[in-house]
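Written out below as structure tokens is the structure these notes cover.
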Amino acid sequence: MKKPINAALALFFVAVIAIAQTPVRSQPGASRARPSAYPQRPPADPAALERGKALYGVQCNFCHGSDARGGEGGPNLLRSELVLNDKNGEAIAPVILNGRMDQGMPKFTMTMAQISDIAAYIHNFPVGGYDVSRMVPLSILVGDAKSGQTAFNSKCATCHSVTGDLKGISGKITDPKVLQNTFLMPGGGRRGPSSPVSVPPTTVTVTMPSGTKVEGRLLRVDDFVVTLVEADGTQITFRRDGDNPDVAIHDPVQPHIALLPTYTDKEIHDLTSYLVTLK
């Protein structure tokens, strides 16, 4: 015969069971760690970031925006599945080298090292489950035009003239942002009919061991071949073996690419404020 359970002990067991069945609630202010939907990447080499920033500014900024979240017709790169799956540029290289002509993206002539630097720069942007608010200023004209003239005379006047190629430029390009991208990043990162200004194509000179030189518009170059188009439309491809043949590429925007890392933010604002006065 079982002994009756003490009433106090019975209440104790009931309390224990109730506590065990009560769901655990987080304390106010506590947060749970949620896995990110975006890849977490290790810090990039600072030198690669600087090179990538300069290249992106010239080739990609106009279409994809300075923050890679979309620009003048280009898509948001930070939400692109292709870019998310890319590691060092290997996934985006075919798109850059071959273009997507049906979507308005031209093909670019770059080395894999350059593409890797651009990829490092794009991957450096912070991303999350949503886009960080884009604080677009009401106007980008926040610089000093007089200081901009000084910067122009010191960095730009060697190749450009306010009474020559830039005469009345702000009357031709009325949007200050487009004007800034066009001048500081010539062609707005684009070349061809859609470019706000005419930018000469990149040319190449191939010098054979015999001394014979062949020149033309650069169509493609990598470590193994170089392809050019002569003035009469003839397309020629040369095999490359190291420095044989000698290949000299002439990119008309190279001086701008070299200048980009030297600009301060103030100089960019000042130059833009000066350019809009050239009516």
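Every number here is computed from the coordinates shown, using simple stated rules; none is lab data. This structure is a prediction, so every number in the text was calculated from the model and none was measured. Backbone-built Cβ (ideal geometry, glycine too); neighbour counts: all protein chains shown.
Taking amide H atoms as placed 1.01 Å from N in the peptide plane, the amide H of His250 lies under 5 Å from those of Thr203, Val204, Thr205, each 5 or more residues away in sequence or on another chain.
Shown here for the range 195-279: GluC sites (Glu not before Pro) in loop regions (DSSP other than H, G, I, E, B) with at most 14 other Cβ atoms within 10 Å, namely Glu230.
Of all lysines in the structure, those lying under 24 Å Cα to Cα from Lys266, and not within fewer than 8 positions of it along the same chain, are Lys53, Lys146, Lys155, Lys167, Lys177, Lys279.
Of the residues Phe183, Phe62, the one with the fewest other Cβ atoms within 10 Å heads the list, and the complete ranking is Phe183, Phe62. For the range 46-123, just say rounded, prolate or oblate: build the C-alpha gyration tensor, square-root its eigenvalues into a ≥ b ≥ c, call rounded for a/c under 1.5, and beyond that prolate if a/b exceeds b/c, oblate if not. Since a/c stays below 1.5, the shape of the range 46-123 is classed as rounded. Distance from a point 7 Å along Cα→Cβ of Arg217 to each backbone N in the range 251-275: keep the residues under 18 Å and list them by number. What the label zone holds, given the 18 Å backbone N cut-off, is 251-254.
If we count other beta carbons within 10 Å of each Cβ, what is the order of Ser161, Ser273, Ser147, Ser139, fewest first?
Numbers: Ser161 11, Ser273 21, Ser147 16, Ser139 8.
By the 10 Å Cβ count, ascending, the order reads Ser139, Ser161, Ser147, Ser273.
Can you check what the net charge comes to around Pro209, using other residues whose Cβ is under 13 Å from the Cβ of Pro209 (Lys, Arg +1; Asp, Glu -1)? Computed value for this residue: 0.
If neighbour count is taken as other Cβ atoms inside 10 Å, put His123, His250 in order from fewest to most. Walk me through the numbers on the way to the answer.
Working: His123 23, His250 13.
The order, fewest Cβ neighbours first, is His250, His123.
Bridgeable aspartates and glutamates around Lys87 (alpha carbons under 16 Å apart, same-chain partners fewer than 8 residues away excluded): Asp45, Asp117.
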